[in-house]
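Okay, structure first, notes after.
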């Protein structure tokens, strides 16, 4: 007999206070893990940059994230969205949520009316640059560093906003993704994020990228509290702080959809 199960699903816009902006993420609370290929199929069907799945575990939660094509080791906006679901929709926690993940413990706290991620810092270092990266970007950056992702630094916000990289070439580089960044006109810094090799041509707002952006800009600007914009077409706003080997990334969240999906 073919049995089908109903799974709750929520969709939220993260790092924005306005619906239809920021970064949309789907969140599916589970009683127990589904097979990996089933979660990957759900993420593909959702066709968002990330779908987060979580289960209750040891008094907290364990979280995993899937793009339409791969599971990833860290995702900021979908973690923010999952915390919103737990705190404001399910109301199974109060004040903060502790997640275990493939990147260790991640904490989300309510702070000044927003949700703030407590994530690991991933400072960028000097690196060998893939031969096709500059060609793929179409513009020569001031410098290229790397952590998980390449970090290409440009002179102005306008360069970052108008950049039109060759996504086919970018899909073959030897890092997870490419962050492009520059000083902001009205904020400390701006950025964009491209991960076509992971099924995400351009991510609207990327929490995990700020694990690298925050230590870079904190050092360059000699300040630990930073205000940032991700200047994709949807756009997003982030309040950032460097705390030793951790970064705090705060933003707003807006609930868009609540329902259920039926899967075999």
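Per the listing 206, 181, the residue uniquely at pLDDT 95 or above, in contact with a strand residue (DSSP E or B) (Cβ under 8 Å, 6 or more places away or on another chain) and part of a loop (DSSP other than H, G, I, E, B) is 206.
Restricting attention to region 164-173, report how many residues are surrounded by fewer than 18 Cβ atoms within 10 Å (Cβ to Cβ) and either on the phi > 0 side of the Ramachandran plot or touching a helix residue (DSSP H, G or I) at 6+ places or on another chain (Cβ under 9 Å) (or both). Qualifying residue count for the region: 6.
Do we have any residue at all in region 214-226 that's in a strand (DSSP E or B), in contact with a strand residue (DSSP E or B) (Cβ under 7 Å, 6 or more places away or on another chain) and assigned by TED's automatic domain parsing to the domain that holds residue 139?
The answer is yes, given that some residue of region 214-226 is in a strand (DSSP E or B), in contact with a strand residue (DSSP E or B) (Cβ under 7 Å, 6 or more places away or on another chain) and assigned by TED's automatic domain parsing to the domain that holds residue 139.
When the residues of region 106-126 are narrowed to those that are modelled with pLDDT of 95 or more and outside any strand (DSSP E or B), which ends up surrounded by the most Cβ atoms within 10 Å (Cβ to Cβ)? Applying the filter and picking the extreme gives 122.
Being assigned to a loop (DSSP other than H, G, I, E, B) and surrounded by 20 or more Cβ atoms within 10 Å (Cβ to Cβ) is a property that holds for residue 16.
Pick from region 203-236 the residues that are surrounded by fewer than 19 Cβ atoms within 10 Å (Cβ to Cβ) and within 24 Å of residue 164 (Cβ to Cβ): which of them is farthest from the chain's Cα centre (by Cα)? Steps first, answer last, please.
Keep residues of region 203-236 that are surrounded by fewer than 19 Cβ atoms within 10 Å (Cβ to Cβ), which gives 219-225, 227, 233, 235.
Pick out the ones that are also within 24 Å of residue 164 (Cβ to Cβ) and you get 233, 235.
Details: 233: 16, 235: 13 Å.
Out of the qualifying residues, it is 233.
If you check residue 74 against the conditions, is it at pLDDT below 95 and either within 17 Å of residue 211 (Cβ to Cβ) or assigned by TED's automatic domain parsing to the domain that holds residue 197 (or both)? Criteria met by residue 74.
Candidates in region 87-105 are the residues that are surrounded by 14 or more Cβ atoms within 10 Å (Cβ to Cβ) and touching a helix residue (DSSP H, G or I) at 6+ places or on another chain (Cβ under 6 Å); of these, the one that is farthest from residue 169 (Cα to Cα) is 93. Just one of (1) more than 12 Å from the chain's Cα centre (by Cα); (2) under 22 Å from residue 36 (Cα atoms); (3) in contact (Cβ under 8 Å) with a residue 40 or more places away in the chain fails for residue 62. It is (3).
The values are calculated or read from the model by the stated rules, or taken from the named source; none is laboratory data. Computed from a predicted structure; not experimentally measured. In this analysis, Cβ positions are derived from the backbone assuming ideal geometry, glycine residues included, and neighbour counts consider all displayed protein chains.
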